[in-house]
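Participant: First the structure, then my questions, so here it is.
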Amino acid sequence: MAEQQWNADLYDTRHSFVSAYGADLLELLDARPGEHVLDAGCGTGELTAALRDAGVEVIGIDTSPDMVERGRQRFPDVDLRVADLRDLGLHHEFDAVFSNAVLHWIPEAGRAAAAIHAALRPGGRLVAELGGAGNIAAIDGAVRSLRAEQGLDAPEDPWYFPGIADYAAVLERAGLETTGAWLFDRPTRLEGDDGLAAWVRMFGSHLLAGVEDPDGFLTELRKRLRPVLYRDGTWWADYRRLRVTAVKPGT
Ligand code: BEZ
């Protein structure tokens, strides 16, 4: 998460589905006015602002200064901070930690879970969604094949896509009790004829590392993935989500 460079313009204009799907997760959080909530990985602040508008005492954190700056411009009276969940140093303060589409950017899942545990008060809850086992398998697989054919190294993915049992074990080791977990497909529409290429450029720049002709590479990728991921005149990323709820024991 700390190493990722985000383009706030591209994120807001082409990948707003991230927060659109997160709205659904807010329902699961069901935060009440006056509750103290940490939005871990707030991006440009859309969901943090929705919580604030519902009367929640919310702090949003993100490691990307660009995204936080954009969020502050859009929502000047929402508390958005540049911070890394792993080094947060906020203890026993929150009734809930909420996290949408961020935890898969932190391969040190145990450290992230420990930070969430530390941030929650006893009895506090975690409501999170991340990429789950099998997430973007078609995209990743096609890129790997193409890279291998071009004599390029296998890229080291910055992502962590756990299954239910693995992630429940991570949470348990951190002292959290999993109260619900769902792993499900969520084909995600990528807008525009260049939607797949825009997604790779935004989220998977490492997939293009060492590629001499990125445009040519992406054209070939589109050709290969078209039969699999192009339907009804649009591109669909093969997202799989892991949604979890957990509590920190105690009262
Ligand atoms: C995801 O939300 O599943 C995701 C986003 C960017 C890269 C990889 C996965």
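Participant: Are any residues in region 125-150 in contact with a Phe, Trp or Tyr (Cβ under 6 Å, 6 or more places away or on another chain) and away from the ligand (no atom under 12 Å from the Cβ), and if so, which ones?
Facilitator: Hit for region 125-150 is Val127, nothing else.
Participant: Among what's in region 151-186 and is over 24 Å from Val97 (Cβ atoms) and surrounded by 14 or more Cβ atoms within 10 Å (Cβ to Cβ), pick the residue that is nearest to the ligand (Cβ to nearest atom).
Facilitator: Asp157
Participant: Related question: Please verify whether Tyr239 is touching a residue at least 60 places away in the same chain (Cβ under 8 Å), within 30 Å of His92 (Cα to Cα), surrounded by 15 or more Cβ atoms within 10 Å (Cβ to Cβ) and not aliphatic (A, V, I, L, M), treating the condition exactly as stated.
Facilitator: The answer is no for Tyr239.
Participant: With the checklist (1) buried (at least 22 other Cβ atoms within 10 Å of the Cβ); (2) within 16 Å of the ligand (Cβ to nearest atom); (3) modelled with pLDDT under 95 in hand, flag the one item Pro107 doesn't pass.
Facilitator: The single condition Pro107 does not satisfy is (1).
The values are calculated or read from the model by the stated rules, or taken from the named source; none is laboratory data. Remember, it's a predicted structure, so these values are computed and weren't measured experimentally. FYI the Cβ positions are ideal-geometry reconstructions off the backbone, even for glycines, and counts take in every protein chain you see.
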